[in-house]
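Novice: I'd like to ask some things about the structure below.
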Amino acid sequence: MSRWWLPGRGQERERRAALAGEASADAAVAMEAAAAAEPEVRTEEPAPPPAPPDLTAAAFFDVDNTMMMGASIFHFARGLAARKYFTSSDLAGFAWQQVKFRVGGRESRDGVQSSREQALSFVAGRTVDDMVAVGEEIYDELMADKIWAGTRALAQMHLDAGQRVWLVTATPVELAAIIARRLGLTGALGTVAESVDGVYTGRLVGDLLHGRAKAHAVRALAAREGLNLRRCTAYSDSQNDVPMLSVVGTAVAVNPDAGLREIARDRGWEIRDFRTGRKAAKIGVPSVLGAGALAGAVAAGIAYRRRVA
């Protein structure tokens, strides 16, 4: 039975990953068009003339531990927990599910479904506008000072060359778009949560934008934007993003985990590490362990404050 059931399960995962990638590309294109339609904001200092556009080359940046120190979704969760969107036990439970899933390396059908449902339960019934407004606040409070200056400079290098730059992350696409906009980037590919009439249903379109889904999203966006993937560059810290790194002409490992560092060396990919000294010791761990520890600490802190309040 398992001999035919396992391939079927693999095909279903691939179908969901492809659907997630297509949905993310559609959202990125729509957000880019909406931003272009907004009236231009005048500044006191005239902006330097932009570089001639390079329409067939682009750069794709992972977010967690690549563009930003730590995991963006857990910074977001910290902000939401502080605003009583869910309880400390919810946050700790979600973190533990992610640790088991990512560190254990096994994707049981029930486990993935449970993680997916937990990730979306707090937004069901809430409006997209509400989440975007909260996301803007949380970015200012908890994320703005966690951007890696070295990675930001790499993104600016592509912008200065007239290339477009997208973030690619499992974080909800609305939050990813906020990060991209604040950094002056073109846009973002992220996990798409289904909404009807501006209200979240609590379901995903496809699956989380993780692993192979990121590669599908990059391919889909390239098709829509007329990009030549051989002229594109991708950056990530995690071996989970090897599928995305492998679909472009140039792959760069940034603050790589042990697995990606080894793969990068084997394949001759460039390695950039912006961690130094003690900071490297703190952050240079698999991203999910850092994220899980962060979420656990946040949950414990919130629980403690409630006990002493």
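The values are calculated or read from the model by the stated rules, or taken from the named source; none is laboratory data. Remember, it's a predicted structure, so these values are computed and weren't measured experimentally. Backbone-built Cβ (ideal geometry, glycine too); neighbour counts: all protein chains shown.
Novice: I'd like to know if region 218-228 contains one or more residues that are of a type outside the set (A, V, I, L, M), over 17 Å from Asp266 (Cα atoms) and crowded, with 24+ Cβ neighbours inside 10 Å.
Specialist: Within region 218-228, none of the residues are of a type outside the set (A, V, I, L, M), over 17 Å from Asp266 (Cα atoms) and crowded, with 24+ Cβ neighbours inside 10 Å.
Novice: Same structure, new question: Quick check on my filter: what residues within region 136-193 are surrounded by 16 or more Cβ atoms within 10 Å (Cβ to Cβ), touching a residue at least 40 places away in the same chain (Cβ under 8 Å) and of a type in the set (Gly, Ala, Ser)?
Specialist: Ala155, Ala170, Ala176, Ala177, Gly187, Ala188, Gly190, Ala193
Novice: Sticking with this one: List the pairs whose first member sits in region 8-29 and is over 24 Å from Gly226 (Cα atoms) and in contact (Cβ under 8 Å) with a residue 40 or more places away in the chain, whose second member is among the β-branched types (Val, Ile, Thr) and in a helix (DSSP H, G or I), and whose Cβ atoms are under 9 Å apart, counting only residues at least 6 apart or on separate chains?
Specialist: These pairs meet every condition: Arg13/Val112.
Novice: In addition: Filter region 205-226 for residues that are in contact with a Gly (Cβ under 8 Å, 6 or more places away or on another chain), modelled with pLDDT of 95 or more and among the hydrophobic types (A, V, I, L, M, F, W, C) and give the result.
Specialist: Passing the criteria: Ala215, Ala217, Val218, Ala220.
For every residue, the table says whether it meets (1) under 20 Å from the mean Cα position of the chain (by Cα); (2) modelled with pLDDT of 95 or more.
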| site | (1), (2) |
| --- | --- |
| Arg106 | no, no |
| Gly111 | no, no |
| Arg116 | yes, no |
| Met131 | yes, no |
| Gly150 | yes, yes |
| Leu154 | yes, yes |
